[in-house]
There are 2 protein chains.
Amino acid sequence: MCELLGMSTKYPMDICFSFSGLMQRGGKTGPHKDGWGIAFYEGRGCRAFHDPYPSSNSEIAKLVKNYPIKSSNVICHIRKANSGKVCLENTHPFIRELWGRNWCFAHNGQLRGIKRKLKLELFEPVGTTDSEFAFCWILDQVHKKYPNPPKKDEVLWNYIKKLIDHLSEFGVFNILMCDSKYLYAHCSTKLAWITRKPPFGKAKLVDDDMTVDFCQHTTSNDIFTVIATVPLTANEEWSIASKGDFLVFKDGIQKNTK
Amino acid sequence: MCELLGMSTKYPMDICFSFSGLMQRGGKTGPHKDGWGIAFYEGRGCRAFHDPYPSSNSEIAKLVKNYPIKSSNVICHIRKANSGKVCLENTHPFIRELWGRNWCFAHNGQLRGIKRKLKLELFEPVGTTDSEFAFCWILDQVHKKYPNPPKKDEVLWNYIKKLIDHLSEFGVFNILMCDSKYLYAHCSTKLAWITRKPPFGKAKLVDDDMTVDFCQHTTSNDIFTVIATVPLTANEEWSIASKGDFLVFKDGIQKNTK
């Protein structure tokens, strides 16, 4: 199994603190030593760092940990390979362009038989994981139904939810996905999130001997949500998602998808 | 105008030496301070570093300079903005997937009126540069003519050459492009390359006080070609491309495209 980390913010922020916790699980406090990747959205652009080596002693992970990249949406993944060998092309998150927007996707779980039962048309995987295949299938279906973005965002959310429900029938499908505008999260077995807003307090990482006082890194206008497979801090109250939950975030807060 | 740097190798090698020279032109020995990017192919995977800040004092550029990433095809670009504002989404190289392969593209020059006169279908730019638009147009045309890769690679080269010739009518089109298998280069106004093979010697950068003895970094089996808008070393003989030259490289050597 892999670990997921996502962030949605009102104003661009860095993710150094949460990333510090997660990267310890890549070979140190956790068994996820088969590579890692992180994608940062900045405006319409998206830049990603991928490394097929363990994050706990990666030079690139050190850079990401110490170099504050300000972003409004972040998706990060550390991998414990179960489908597809350990190599760069199998390293999440995966990125594709649709409608002139960067889409990004990371997955925790396994989907059995998906390659046999679903057909792809336009979007094709570069690597061999079931995860990238599932992402390509989602984009294929979205593109087929909406060659141009639907006018109402809720229409898109509902369609994506339907596609995710279908994919979940193949196995465990905890995911984070971003279409440049919204950050989507789905829970099959485990997913937790926390929305931090004023008054900000202190947080202590579970995986590293590190505490941050968010007061010193935020303004009174900041709001941000962090999403992870398992809570990253010990002294805060995280919301725990249930099986089948589909969450949509924008500007740091959860949207009402009912 | 921008600067291009590419490398094609027989066996994966790092590009630290050539990159050290080029990054000095990003705000120090050259005026190309509007961001930079580099893409490394490793197997079927491709990982890129993008930074909308000058390369000469970029933290990420320092990492790339000092951390030897072994790659068989590399495309690097430093930008002097002339079309599209300075931001992440306008930072080369651009990457898209076609046929389950990563395609990568960087451009030096300007194409006037291209957005008015050419239509896009499947591939859409995320940013506002004429360069990304041209890349999307190439992929659109290739996909339309060959929904699957043609059996003979030469057929693809000839078609790409035809598309490039058409785009060159809009202005200056010095480019580097890679389809995961081949590294393509086109010269409108300036492009130079050098193929290094045994016996290896010493090379001295034009832009930095740095000399490398390739004997110490290679084996007797290595062959590699470096391509740049302007020669990067002072003591070696570079081949200078002519207007309209279309070059194809694989495994470090130039293919015969006649």
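Where a number appears in this text, it was derived from the coordinates with a stated rule and is not lab data. From a predicted model like this one, the values you see are computed outputs, not experimental measurements. In this analysis, Cβ positions are derived from the backbone assuming ideal geometry, glycine residues included, and neighbour counts consider all displayed protein chains.
Points worth noting:
- Distance from the C-alpha centroid of region A:207-224 to that of region A:147-199: 26 Å, rounded to the whole angstrom.
- Of B:Trp157, B:Ile175, B:Cys16, farthest towards positive along the dipole that unit charges on Lys, Arg, Asp, Glu beta carbons give chain B: B:Trp157
- Under the Karplus curve 6.51 cos²θ - 1.76 cosθ + 1.60, θ = phi - 60°, whole-Hz ³J(HN,Hα) for region B:111-117, x wherever Gly or Pro sits: 10, 8, x, 4, 5, 6, 9
- Sorted shortest first, the distances from the B:Thr219 label point to those of the same residue in the other copies are 5.6 nm; each point sits 7 Å from Cα along Cα-to-Cβ.
- Position A:Lys70: other-copy label points at 4.0 nm, ordered by increasing distance, label point 7 Å along Cα→C-beta.
- With a Förster radius of 25 Å applied to the beta-carbon distance between B:Lys85 and A:Asn221, the computed FRET efficiency rounds to 0.50.
- Each Lys and Arg adds +1 at its Cβ and each Asp and Glu adds -1 at its Cβ; summed about the Cα centre, region B:1-121 shows a dipole of about 420 debye.
- Distance from the axis that maps chain A onto chain B is least for the Cβ of the chain A residue given, with the whole Å value, as A:Leu63, 3.
- Kirkwood-type hydrodynamic radius, region B:3-254: 18.1 Å, calculated from all non-identical alpha-carbon pairs.
- Distance from region B:1-73 to region B:231-258 (C-alpha centre basis), Å: 19 Å
- Contact order, relative form, for region B:23-163: 20 percent (alpha carbon pairs under 8 Å, 6 or more residues apart, mean separation divided by residue count).
- Per-residue mean of foreign Cβ neighbours for B:100-112 is 1 (Cβ atoms of other chains, 10 Å radius).
- The C-alpha atoms of chain B define a longest principal axis, and helix B:130-145 lies at about 60 degrees to it.
- Here chain A is treated with +1 on each Lys and Arg Cβ and -1 on each Asp and Glu Cβ, and its dipole about the Cα centre works out to around 580 debye.
- With θ taken as phi - 60° and the Karplus curve 6.51 cos²θ - 1.76 cosθ + 1.60 applied, the whole-hertz 3J(HN,Hα) list for region A:90-98 is 9, 8, 6, x, 8, 10, 9, 9, 9 Hz, x standing for glycine and proline.
- Dimensionless Rg ratio for region B:39-134, taking C-alpha atoms and the 2.2 N^0.38 Å reference: 1.15
- Of the trypsin sites (Lys or Arg not before Pro) found in region A:1-100, those in coil by DSSP whose Cβ has at most 13 other Cβ atoms within 10 Å are A:Lys70, A:Lys85.
- Scanning residues 5 or more positions from A:Val206 or on other chains, those with amide H under 5 Å from its amide H are A:Thr233, A:Ala234, with H placed 1.01 Å from N in the peptide plane.
- Two-site FRET efficiency, B:Lys258 against A:Tyr67, from Cβ-Cβ distance with R₀ of 45 Å, rounded to 0.05: 0.40
- Computed over region A:1-100: relative contact order in percent, which uses C-alpha pairs under 8 Å that are six or more apart: 39 percent
- Charge context of B:Thr218, other residues only, Cβ under 14 angstrom, K/R +1, D/E -1: +2
- Once the Cβ-Cβ distance of B:Arg112 and B:His166 is raised to the sixth power relative to R0 = 22 Å, the FRET efficiency obtained is 0.95.
- Diffusion of region A:125-258 by Stokes-Einstein, at 25 °C in a medium of 0.890 mPa s and with Rh set to the Kirkwood radius over alpha-carbon pairs, works out to 148 µm²/s.
- Cα long-axis angle, helix A:153-168 against chain A (0 to 90 degrees, to the nearest 10): 80 degrees
- With 26 Å as the limit on Cα-Cα distance, the pairs of A:Lys117/B:Lys70; A:Lys117/B:Lys152; A:Lys151/A:Lys255; A:Lys162/A:Lys197; A:Lys28/A:Lys250 that go past it are A:Lys117/B:Lys70; A:Lys117/B:Lys152; A:Lys162/A:Lys197; A:Lys28/A:Lys250.
- Averaged over peptide A:39-45, the number of partner chain Cβ atoms lying within 10 Å of each residue's Cβ comes to 5.
- Under-5 Å amide H pairs with A:Lys255, H placed in peptide plane, nonlocal only: A:Val248, A:Phe249, A:Lys250
- Convex hull of Cα atoms in region A:34-94, direction-averaged projection (nm²): 4.1 nm²
- Distances between copies at B:Leu120, taken between label points 7 Å from Cα along the C-beta direction, are 2.2 nm in increasing order.
- Relative contact order for chain B: 23 percent, from Cα pairs under 8 Å spaced at least 6 residues apart, divided by residue count.
- Computed from label points 7 Å out along Cα-Cβ, the spacing between B:Lys197 and B:Glu237 is 1.5 nm.
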